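Enquirer: Take a look at this one; I'll ask things after.
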Amino acid sequence: MTTYTFRTPVVAEGPSGAHRLFSFYKIDRGITIVRQDGVYYQARYLVDGDLATYQEVYRGGYNHTVSEATKAALIAADIDVTEANFTAQ
C-alpha cells in the first residue's frame, strides 16, 4: 500500500513584526487538521492538553505520513485539503 507525506494547509498571516516594513511581509502558518466523532475539520490555537481527546491530529506546519485511505478521507472531507498537500513516498 502506498503511503504519502501530508503537509497541512497554510494561511499567510501578517504583519510579521512591529516595524513598518514588516507590514509588507507575511508568514505562512500551518493549520491543524483534527478528526473528532468521525468528522475532519480545521482547527487553530488548540490547547496541548486537548490533543489527546481527538481521534486524529495532524498539527499544522509538520509533515505527517498517512495511508492511501486517510488521504482519500482528508480530500473528501472538503476542508481545503487537495492532492497538492500530498507527496508519494
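The values are calculated or read from the model by the stated rules, or taken from the named source; none is laboratory data. Keep in mind that what you see is a predicted model, and the values were worked out from it rather than measured. Virtual Cβ from ideal backbone geometry, glycine too; neighbours counted across all protein chains shown.
Enquirer: Within the bounds of the range 47-69, is there any residue that is outside any loop (DSSP other than H, G, I, E, B), at pLDDT 90 or above and touching a helix residue (DSSP H, G or I) at 6+ places or on another chain (Cβ under 7 Å)?
Expert: Taking every residue of the range 47-69 in turn, at least one turns out to be outside any loop (DSSP other than H, G, I, E, B), at pLDDT 90 or above and touching a helix residue (DSSP H, G or I) at 6+ places or on another chain (Cβ under 7 Å).
Enquirer: Which residues, counting only those in the range 45-62, are surrounded by 11 or more Cβ atoms within 10 Å (Cβ to Cβ) and closer than 12 Å to residue 33 by Cα?
Expert: Residues satisfying the conditions are 46, 51, 54, 55, 56, 57, 58, 59, 60, 61, 62.
Enquirer: Determine the pairs where a residue that is modelled with pLDDT of 95 or more, located within the range 1-13, has a partner that is surrounded by fewer than 10 Cβ atoms within 10 Å (Cβ to Cβ) and not in a strand (DSSP E or B) with Cβ atoms under 7 Å apart, the partner being 6 or more residues away or on another chain.
Expert: 3/89; 4/89; 5/89
Enquirer: Restricting the range 71-89 to residues that are surrounded by 11 or more Cβ atoms within 10 Å (Cβ to Cβ) and without any contact (Cβ under 8 Å) to a residue 12 or more places away in the chain, which is nearest to the chain's Cα centre (by Cα)? Walk me through it before giving the result.
Expert: The initial filter retains those residues of the range 71-89 that are surrounded by 11 or more Cβ atoms within 10 Å (Cβ to Cβ), namely 71-75, 77, 79-81, 85-87.
Add one more test, that the residue is without any contact (Cβ under 8 Å) to a residue 12 or more places away in the chain, and what stays is 72, 75.
Working: 72: 15, 75: 12 Å.
The selected residue is 75.
Enquirer: Any idea how many residues of the range 1-32 are more than 12 Å from residue 62 (Cβ to Cβ), of a type in the set (A, V, I, L, M) and assigned to a strand (DSSP E or B)?
Expert: 3
Enquirer: Okay, next question. So residue 40 clears everything in (1) hydroxyl-bearing (Ser, Thr, Tyr); (2) surrounded by 10 or more Cβ atoms within 10 Å (Cβ to Cβ); (3) out of contact with any strand residue (DSSP E or B) (no Cβ under 7 Å at 6 or more places or on another chain) except one condition, right? Which one?
Expert: Residue 40 satisfies every listed condition except (3).
Enquirer: Filter the range 15-35 for residues that are among the small types (Gly, Ala, Ser) and surrounded by 12 or more Cβ atoms within 10 Å (Cβ to Cβ); which is nearest to residue 45 (Cα to Cα)?
Expert: Let us first name the residues in the range 15-35 that are among the small types (Gly, Ala, Ser), namely 16-18, 23, 30.
Keeping just the survivors that are surrounded by 12 or more Cβ atoms within 10 Å (Cβ to Cβ) gives 16, 23, 30.
Values: 16: 17, 23: 23, 30: 11 Å.
Among those residues, the one meeting the criterion is 30.
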